[in-house]
1. Report the percentage of all Cα-Cα pairs in region A:67-141 whose separation exceeds 15 Å, rounded to a whole percent.
2. Counting only protein heavy atoms and using a 1.4 Å probe, what share of the accessible area of region B:5-59 belongs to carbon plus sulfur, as a whole percent?
3. Let me understand region A:124-191 better: what is its radius of gyration from the alpha carbons, and its Dmax, in angstrom?
4. Residues of region B:351-384 with the amide nitrogen closer than 19 Å to a label point 7 Å from the Cα of residue B:304, along Cα-to-Cβ, please.
5. Convex hull volume of the Cα atoms in chain B, per residue, in Å³?
6. Can you list the equivalent-ellipsoid semi-axes of region A:168-233, largest first and in whole Å, using the square root of 5 times each Cα gyration tensor eigenvalue?
7. Sort out for me the Cα centre separation of region B:164-217 from region A:22-55, rounded to whole Å.
8. Can you compute the helix-only [θ] at 222 nm over chain A? Use -39500 (n - 2.57) per DSSP H run of at least 4 residues, normalise by all residues, nearest 500 deg cm²/dmol.
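The values are calculated or read from the model by the stated rules, or taken from the named source; none is laboratory data. Worth saying up front: this structure is predicted, and the values here are computed from it rather than measured. In this analysis, Cβ positions are derived from the backbone assuming ideal geometry, glycine residues included, and neighbour counts consider all displayed protein chains. Note: accessible area is taken over every heavy atom of the protein model, side chains too, but ligands, DNA and RNA are not part of it. Shrake-Rupley method; radii C 1.70, N 1.55, O 1.52, S 1.80 Å.
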Number of protein chains: 2
Amino acid sequence: MRVLILGGDGYLGWPTSMALAARGYDICAVDNYLRRNIARETDSEALMPSPHLPSRAELFHALHGGKIRVEIMDCTDYRRLEWLVRDFAPDAVVHYAEQPSAPYSMIGFVEARRTLVNNLEATFNIVWAILEHAPNCHLVKLGTMGEYGTPNIDIEEGWLDVEHNGRRHKFLYPRQGGSLYHTTKVLDTDLLWFYARTYGLRVTDLMQGPVYGLDTAEAAMDPRLAPNFHYDDIFGTVVNRFLVQAVTGVPLTVYGRGGQTRGYLNLKDTLQCIALALDNPVPAGQLRILNQFTEQFTVNQLAERVRAAGRVLGLDVRVQPIPNPRKEMEEHYYNARHSGLLELGLQPHPMTEQVLVEMLGRVARHKEVIDVRKLLPRVAWNKP
Amino acid sequence: MRVLILGGDGYLGWPTSMALAARGYDICAVDNYLRRNIARETDSEALMPSPHLPSRAELFHALHGGKIRVEIMDCTDYRRLEWLVRDFAPDAVVHYAEQPSAPYSMIGFVEARRTLVNNLEATFNIVWAILEHAPNCHLVKLGTMGEYGTPNIDIEEGWLDVEHNGRRHKFLYPRQGGSLYHTTKVLDTDLLWFYARTYGLRVTDLMQGPVYGLDTAEAAMDPRLAPNFHYDDIFGTVVNRFLVQAVTGVPLTVYGRGGQTRGYLNLKDTLQCIALALDNPVPAGQLRILNQFTEQFTVNQLAERVRAAGRVLGLDVRVQPIPNPRKEMEEHYYNARHSGLLELGLQPHPMTEQVLVEMLGRVARHKEVIDVRKLLPRVAWNKP
């Protein structure tokens, strides 16, 4: 199978490229270094340095033998993207090529506009490059569980059967994102559903929760092949922030009351999910939506887990609630279905104490270069 | 009241500018002639020529005394737009500045991209210009009833109370547009709702049905002040197409089975609705959605009405179903609520036989310049 991976330099794009190359798939990884550029501009660089994409691909080839073609280009440039789709002739595209930071999208006009334009145009362009040059290609798109927001009813897997005044209709599940970034993913889904039902595009839209972990079979070969680890307020997830705070003796900063519930998953499970989606393509005209996470818990529960894992390593982990910089519900109902990927064969790797202990150990080895100032929120969801 | 009208050269923008100026409001009309340019490029020019916007404003001033400031500029240019919002300091913005043709948005990549970029960026920019420079300003946005599509349940006014597995949640009514143009309006609504609930923007989003009519108090002063009348397949509505076909003796072209039901309204009622929305602004943080139409009927019923009106003028009007170039349901349930504007005081002008007879008479005066080839669909909803 020939797989084009857009956003191949990212936290998920790079491990996906290696994992699929290791399965013997022909891989082409595309990136324009948008995340690296934003990280530099906002002083949010990753904890461990990582070589540029062509160097990582060379190193992977030297150590493993698998080949990853690399193209450094911008997916909002349609001429280059359509050239690449013609040239590489993919059977599937995995589309990660989006500005992925919610706080970045909330800084101000320039950052919001960059997020909207990049994410919408990249999605629009890959849809058209497939329609025009690889019409049977299966588009596997990364959405986010954050598209659903936190409704007071069960979150279904993409679609909602509504009974109203004695009649029924099945709708795309109504979406409401918590940041402009999340909203662009809502718009992506609207666009993909339009082109699937109208022009017969084949799409899998994966509504993914926050991913944690650094450990993949290929990344284990060399530290320079490791996924990016961001702990800052721009790109860092709450899991990474808590791990770094635990290691440096800074209290875990819970935003507000800490009852925010989300569905999480291990990086190893993201790799499984992508492979399962690729190996089970959908018919023309279908938008398949799969909720991609394995466990759901609150921020307070996550803090407790990190505290317990820290205790194993002799770390005295404290928790310190701080005012919530975001606009979000801090106590809410949350029950999200996630059976589709399990039915396809996903074998979950839960967030055990052992997993957290290993991540803490990994982070501790870089303790001296951690800048704890990056851990506090610099962006608030305030009116500009 | 100071009102900025984006898209002030359009079928609705121009009559709105005159009507509000006649009420004594300070008006600034903005346009970049996108519709005129597309009309020229696609050989879809209006039936009656109309002077450019500054000339129309001068003529209106000479005949009526009311003053309409004109700015020829592109709303996707944020620097100019924010300059104008600072300079004019509007109390309200009426946002019509969108590529309004569904068939145009379905021609191919270039036209789809132009529609997406123009509509999303214009909306995004006006949101930010208001947030940054006129934070109390009320944004009155033109959406479309087409955002809802044709669900098998009642269409509510913007929001849907869902009961599911014993719990309840009120969602933005789920939307599914029938063309890329309609989809961009869905995306607009998502964006507006995000910025209303997050940054306290005040928004009225008017879900409007197809508008018909040429007759407004101000337009009656001089034929050069008349609204644009398009009868082509790109900008022409089904009402205009049927009127022109009736006058030229060409059978009315019903697309497919003709059971497509929509909510229609008279141009006079659009003007009332805009004034009612402006005179009843919403509090900060509120997105008010109003369904803007007065009557609903099927395409076949519309054809019958035109046939009956033609009979009054001695026209032998025939009906000829043709293959549907669009992807849409041709027989479907349709029951859309529209009480909000009536509660605000709307006095509907129904589509009486007299109204249609007058429009037929008006069109007949230009019979010799009608190009009947423009009446047939040139764009199909096919895979590119």
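1. 57
2. 48
3. Final numbers for Rg and Dmax: 14.9, 45 Å.
4. Residues passing the 19 Å test: B:351-357.
5. Per-residue hull volume (Cα only) is 134 Å³.
6. Taking √(5λ) for each eigenvalue gives 33, 17, 11 Å, largest first.
7. 38
8. So the calculated ellipticity at 222 nm is -11500 deg cm²/dmol.
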